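K.L.:
Can you read through this structure? Questions will come right after.
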Amino acid sequence: MKLGGFIVFIVFGAVLSVTLNNVLSAVVPEASAQQQTMPNTNIASSPGVKISSPAKGQQVPIGILTISGTSTDDPVHNCQVSVLLNGIKPYQRTIATGQNSGVGGGANDYSTWKYSFTPGYAVIKEGINKITSKISCSPVNSLISLYKCYSFNVTGVVVNTKIQQVVQPSLHSKSVTTSAIALLHKDNEGLKK
């Protein structure tokens with residue numbers, strides 16, 4: 001009887017093994033197909049953003065300034081880039097200038113971007129100005145929003161739009177002195193009109 005019970009146990013195990021194998025082979029290919037069609041979220045899991053222009057520490061004219069940059073946005077991920085000037089909130093959405101096509105491509109391709117600081121939001125002031133760029137990504141099939149910031153300072157400087165030329169007469173040549181005085185006199189006459 002012990003041998004009979006052992007044989008029944010082996011037969012039952014074999015039948016169970018075949019049944020499970022058939023069930024798994026029917027389910028596994030479907031699960032594999034779903035995995036292959038899901039987009040790769042590696043880029044969105046570590047987003048990146050950088051300001052290309054102006055350069056870190058650069059002197060820039062006070063007032064209106066256009067900046068540009070790059071990011072890790074691609075056609076698969078839903079990312080946006082925004083900027084702050086001197087911590088003045090809210091963040092300002094940049095203009096996408098990337099040329100990629102696909103999901104989120106074209107007008108939504110922030111792989112390259114630009115923004116102009118204008119009086120409607122904020123402008124560069126004289127002295128130190130902090131510019132911050134931020135990329136925010138919402139990976140497909142994810143409830144988590146990922147972001148990363150990049151900041152640096154630029155120095156706002158006053159730029160004279162009128163260039164003044166100083167003509168110093170030569171002590172060695174009377175003709176140069178006379179010519180320089182005549183030019184200055186002619187310039188002054190033009191200013192009086």
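K.L.:
Name the residue, out of ILE43, ILE62, that is in contact with an Asp or Glu (Cβ under 8 Å, 6 or more places away or on another chain), open to solvent by 30 Å² or more (accessible area, probe 1.4 Å), at pLDDT 95 or above and of a type outside the set (Gly, Ala, Ser). Steps first, please.
P.N.:
Values: ILE43 fails: at pLDDT 95 or above.
Testing whether each residue is in contact with an Asp or Glu (Cβ under 8 Å, 6 or more places away or on another chain), open to solvent by 30 Å² or more (accessible area, probe 1.4 Å), at pLDDT 95 or above and of a type outside the set (Gly, Ala, Ser) leaves just ILE62.
K.L.:
While we're here: I'm trying to understand the selection: among the residues of region 108-161, which are within 16 Å of HIS77 (Cα to Cα) and in a strand (DSSP E or B)?
P.N.:
Within region 108-161, THR112, TRP113, LYS134, ILE135, SER136, CYS137, SER138, LEU146, TYR147, LYS148 qualify.
K.L.:
Okay, next question. Does THR161 satisfy the condition of being under 18 Å from ILE64 (Cα atoms), modelled with pLDDT under 90 and of a type in the set (Ser, Thr, Tyr)?
P.N.:
Details: under 18 Å from ILE64 (Cα atoms): yes; modelled with pLDDT under 90: yes; of a type in the set (Ser, Thr, Tyr): yes.
Yes; evaluated as a whole, the condition is true for this residue.
K.L.:
Please verify whether region 83-98 includes one or more residues that are assigned to a loop (DSSP other than H, G, I, E, B), among the hydroxyl-bearing types (Ser, Thr, Tyr) and touching a residue at least 40 places away in the same chain (Cβ under 8 Å). Steps first, answer last, please.
P.N.:
Residues of region 83-98 that are assigned to a loop (DSSP other than H, G, I, E, B), as a first pass: 86-91, 94, 97-98.
If we keep only those that are among the hydroxyl-bearing types (Ser, Thr, Tyr) too, we end up with 91, 94, 97.
Next cut, touching a residue at least 40 places away in the same chain (Cβ under 8 Å) only: 91.
Yes, region 83-98 has at least one match.
K.L.:
Let me ask something else. Are any residues in region 65-89 at pLDDT 95 or above, among the hydrophobic types (A, V, I, L, M, F, W, C) and crowded, with 19+ Cβ neighbours inside 10 Å, and if so, which ones?
P.N.:
Hits for region 65-89 are LEU65, ILE67, VAL81, VAL83, LEU84, LEU85.
The values are calculated or read from the model by the stated rules, or taken from the named source; none is laboratory data. What you see is a predicted model, and the numbers here were worked out from it, not measured in a lab. Cβ atoms come from the backbone with ideal geometry, glycine included; neighbour counts cover every protein chain shown. Side chains included, ligands, DNA and RNA excluded: accessible areas come from the protein's heavy atoms. Shrake-Rupley method; radii C 1.70, N 1.55, O 1.52, S 1.80 Å.
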